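Every number here is computed from the coordinates shown, using simple stated rules; none is lab data. Please read all numbers here as calculations on a predicted model, not as lab measurements. Positions of Cβ are generated from backbone atoms using ideal geometry, with glycine treated the same way; all protein chains shown enter the neighbour counts.
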Amino acid sequence: MRFVGAKLSHLAMLPQGDPERVRRALAVVGQMDAEGFGSCSNEAECVAVCPKEISMENIARLRAEDLRGIWKAGK
C-alpha cells in the first residue's frame, strides 16, 4: 500500500497529472481492492523494515486522493 501510495502521490503532485487525478485515484484503489491488497493498519510497523524508506505520509495521501475521487465522482 505504501508503494502504490507513493506512486499515486508522485503523480498527483505533478501539474500535468491533475486532469487524470480523480480517475487515477479511483482506478488504483479499485484495483488494489480487486487484487485483495488489504488495508494499512496505520501502526507504521512497515516503516521500520521498508527497504525504500517510503513514508507513511504516502498512505495518508493515497487515502486523501481516494476520498477526493469519491467526492468528485459523486457530484
How many angstrom lie between the C-alpha centres of region 48-68 and region 8-33?
-> 13
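Test of understanding: ordering 70, 54 by Cβ neighbours within 10 Å, fewest first, what list do you get?
So the ranking, lowest neighbour count to highest, is 70, 54.
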Given the Cα atoms of the chain, and with Rh set as the inverse mean 1/r over their pairs in the Kirkwood sense, what is Rg to Rh to two decimals?
-> 0.98
Considering the dipole of the chain built from charges on the beta carbon (Lys and Arg +1, Asp and Glu -1) around the Cα centre, which of 70, 37, 54 is farthest to its positive end?
-> 70
Are there trypsin sites (Lys or Arg not before Pro) in region 1-72 that DSSP marks as loop and that have at most 10 other Cβ atoms within 10 Å, and which are they?
-> 52
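Please give the net charge around residue 29, taking every other residue with its beta carbon less than 9 angstrom from that of residue 29, where Lys and Arg add +1 and Asp and Glu add -1.
The answer is -2.
If the only charges are +1 at each Lys and Arg Cβ and -1 at each Asp and Glu Cβ, what is the size of the charge dipole of the chain around the Cα centre, to the nearest 20 debye?
With Lys and Arg at +1 and Asp and Glu at -1, about 360 debye.
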